[in-house]
Amino acid sequence: MPRTASAAFLRRLSHHLRQGGLVAYPTESCYGIGCLPRNNRALRRLVRLKKRPQDKGMIVIGETVEQLQPLLQALDSQTLAALKQQWPARKTFLLPADHRLPVLLRGKGRNKLAVRVPDHAGARALCRQLNTPLVSTSCNRAGQRPAKTEREVRRRFGRQLMIVGGRIGAARVPSQIIDWASGRRLR
């Protein structure tokens, strides 16, 4: 069950994110680290914190397909309907990205964006309460195992990010990543 955030906490978190800050929050299998998807400063901070390759690209989560739509090229009604039938789920789909998105978000030389409506009520609620999609990458440094508890997040990252407490889902592995156009599973 997701922990309900107070209005004051949500205001502080929203301001923190607009200023390029990072947030850790529970997802289906681990804590995720997120930021605003169009904030280059935050994306650079996230890449440095995780010691992550800059060309890898990131996943973005949203409460609904409609919340993710502004990050993507226009989707036809058939694709929108099919996505709504798939989500929420532990399925991340690669879809054609808005060409104006930061390269750090898409990945160098890539024209698709990895997006998901998560199968975790708390993560969806956070996107709804903040009225924005969020970057969602595992809460760890590259090559380490992801943090599974709020305490682990604090121990590893201290005050480098704000933390939304709560329980992670029961999944033992990260979401699948599937290229929507080809149906090919990448993870």
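Just ARG100, ARG41, ARG128 to compare: in a GNM of the chain, with alpha carbon springs under 10 Å, which one fluctuates most? It is ARG100.
Give me the count of lysine pairs in the chain whose alpha carbons sit under 18 angstrom apart, restricted to pairs 8 or more positions apart or on different chains. The result is 6. Once both axes come from the Cα atoms, what is the angle between helix 40-50 and the longest principal axis of the chain, in degrees from 0 to 90, rounded to 10? It works out to around 70 degrees.
Using the per-residue mean of other Cβ atoms lying within 10 Å as a proxy for protection, in what order, highest first, do the peptides 131-137, 47-53 fall? Don't skip to the end; give the middle numbers.
Details: 131-137: 21.6, 47-53: 15.3.
Averaged packing, sorted descending, gives the order 131-137, 47-53.
Compare the Cα positions of ILE163, ILE177, THR92 along the charge dipole of the chain (+1 at Cβ of Lys, Arg; -1 at Cβ of Asp, Glu; about the Cα centre) and return the one farthest towards the positive end. Working it through, the farthest residue towards the positive pole turns out to be ILE163. Label zone of ASP98 (point 7 Å out along Cα→Cβ, amide N under 15 Å): in the range 119-149 this covers 131-135.
In this simple spin-label approximation, HIS15 and ALA171 carry label points 7 Å from Cα along the Cα→Cβ vector, and these lie 3.4 nm apart. Angle of helix 121-130 to the longest C-alpha principal axis of the chain, folded into 0 to 90 degrees and rounded to 10: 90°. One way to sum up the overall shape of the range 49-169 is the equivalent ellipsoid from its Cα gyration tensor, whose semi-axes run 26, 18, 12 Å, largest first. Counting charges near ARG106 (Lys, Arg +1; Asp, Glu -1) among other residues having Cβ under 13 Å from its Cβ returns a value of +4. Between the Cα long axis of helix 7-18 and the first principal axis of the chain there is an angle of about 60°, rounded to the nearest 10.
Only helical runs count toward this figure. For the chain, summing -39,500 (n - 2.57) over DSSP H runs of n ≥ 4 and dividing by all residues gives -8500 deg cm²/dmol at 222 nm. Over all other residues within a Cβ to Cβ distance under 15 Å of GLN67, the charged ones net out to +2, with Lys and Arg as +1 and Asp and Glu as -1.
Placing R0 at 25 angstrom, the Cβ-Cβ distance between ARG145 and LYS56 gives a FRET efficiency of 0.90 after rounding to 0.05.
No lab work stands behind these numbers, since they all come straight from the coordinates. Quick caveat, the model's predicted, so the values are computed rather than measured. When we count neighbours, we look across all protein chains shown, and the Cβ atoms used for this are built from the backbone with ideal geometry, even at glycine.
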